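Undergrad: One structure coming up, written as structure tokens, with questions to follow.
The values are calculated or read from the model by the stated rules, or taken from the named source; none is laboratory data. Predicted, not measured: the structure shown is a model, and the values here were computed from it. FYI the Cβ positions are ideal-geometry reconstructions off the backbone, even for glycines, and counts take in every protein chain you see.
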Amino acid sequence: MDGLRYQKGPPTVTIVMYHYVRDVEKTEYPGIHAVSFKRFNDHLALLKKLGYHFISLDHYYDHISKGVAIPQKSCVLTFDDGIRDHYTHVFPILKKEGIPGVFYPVTQPLTESIVPIVQKIHFILGKMSAVEFAREVNAFLKHDPSLFHEYEVHDHFKINPQKRFDDNLTANLKHNLARMPLVIKKKIVDSIFHAHFPDEHAFCDELYMDFEELKEMLEAGMTIGSQTHTHPFLSSLSSDKQEREIIQATSLLEKNLGIKIKHFCYPYGGYNKDTIGILRDHGYDTAMTIKLGVNQGPIDPLEIKRINCNDVDQLQE
Ligand SMILES: [Zn+2]
């Protein structure tokens with residue numbers, strides 16, 4: 001991919017986005033597409049070999065806001081959704097290597113033991129094929145012809161070409177579920193999820209890091225940001241609802257971790273002008289999008305670009 005080739009000029013900041021990092025051989029859910037330990041370690045080795053320097057997000061923000069120097073080829077590692085993989089598998093490696101990572105937990109799993117829909121979908125796909133999942137979603141939608149017309153899951157073409165690493169059916173399934181009205185989506189996803197994972201609370205407590213683990217990571221120099229309370233598609237919400245989602249998560253994290261939360265990550269990469277205004281009003285320094293690219297020169301720190309972890313193998317000298 002051409003955008004990933006190293007560019008001359010001001011320093012470049014390559015920000016990598018990770019989700020699940022686990023023992024792929026042993027996982028019960030191959031469908032969640034985790035990065036294996038070996039691959040994660042290979043990524044770190046490759047980045048170093050290519051001359052990247054790992055910096056903290058605060059260092060990058062100081063560069064953007066005050067012109068503080070950063071290495072010519074800088075790299076920031078980010079980990080979304082507060083999955084316990086990050087504490088168990090990623091944190092020990094980063095600590096050993098002295099690499100500062102950025103972690104974006106969602107707070108509802110921590111305080112209410114409720115699994116956000118995004119992970120419910122991942123784990124349903126870990127239990128059944130996208131074809132079976134799509135069939136169940138379509139069967140539900142058929143009860144209402146207008147819903148079926150609007151959200152039928154098909155594989156004719158990719159509705160959201162941003163989902164580069166999924167086949168047409170999986171990409172459309174995720175995209176249609178993401179944009180569906182919340183009540184309908186919850187009904188469909190919950191009924192399929194609970195058929196496979198009857199004890200949601202226990203599953204949730206196991207899947208996500210808790211405040212103690214986050215604190216330990218903070219004390220070791222990691223950065224903790226925020227990613228809303230329930231992981232909604234923010235741009236589909238009113239400004240008031242967006243603000244509530246953002247503030248609730250921020251205050252829960254600040255209260256339980258005893259720090260000021262300054263970094264945000266847009267769930268599903270979705271945001272609009274309202275979101276940016278809210279973050280600005282509440283004094284956030286940075287926010288991560290899922291817009292693909294390497295950052296270089298002056299940028300809006302509330303619209304930082306990232307690359308997917310699957311892109312790391314494509315990086316060139
Ligand atoms: Zn997320």
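Undergrad: Does residue 137 count as among the β-branched types (Val, Ile, Thr), crowded, with 16+ Cβ neighbours inside 10 Å, away from the ligand (no atom under 16 Å from the Cβ) and not assigned by TED's automatic domain parsing to the domain that holds residue 36?
TA: Here the answer is yes, as residue 137 does meet what is asked.
Undergrad: Quick check on my filter: what residues within the stretch 38-70 are within 17 Å of residue 225 (Cβ to Cβ) and either more than 22 Å from the chain's Cα centre (by Cα) or assigned to a helix (DSSP H, G or I) (or both)?
TA: 57, 58, 59, 60, 61, 62, 64, 65 - these are the residues of the stretch 38-70 that are within 17 Å of residue 225 (Cβ to Cβ) and either more than 22 Å from the chain's Cα centre (by Cα) or assigned to a helix (DSSP H, G or I) (or both).
Undergrad: Given the residues 233, 211, which is the only one that is buried (at least 16 other Cβ atoms within 10 Å of the Cβ) and over 18 Å from the mean Cα position of the chain (by Cα)?
TA: 211
Table: residues versus (1) out of contact with any Asp or Glu (no Cβ under 9 Å at 6 or more places or on another chain); (2) farther than 25 Å from residue 122 by Cβ; (3) of a type in the set (D, E, K, R).
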position: 208; (1), (2), (3): no, no, no
position: 225; (1), (2), (3): yes, no, no
position: 228; (1), (2), (3): no, no, no
position: 267; (1), (2), (3): no, no, no
position: 289; (1), (2), (3): no, no, no
position: 306; (1), (2), (3): yes, no, yes
position: 314; (1), (2), (3): yes, no, no
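Undergrad: Given the condition in contact with a Gly (Cβ under 8 Å, 6 or more places away or on another chain), of a type in the set (A, V, I, L, M, F, W, C) and not in a helix (DSSP H, G or I), answer yes or no: does some residue in the stretch 77-90 qualify?
TA: yes
Undergrad: Return the only residue of 90, 102, 76 being away from the ligand (no atom under 16 Å from the Cβ), modelled with pLDDT of 95 or more and touching a strand residue (DSSP E or B) at 6+ places or on another chain (Cβ under 6 Å).
TA: Answer to the selection: 76.
Undergrad: Restricting attention to the stretch 264-278, and to residues there that are more than 14 Å from the ligand (Cβ to nearest atom) and of a type outside the set (Ser, Thr, Tyr), which single residue is surrounded by the most Cβ atoms within 10 Å (Cβ to Cβ)?
TA: 278
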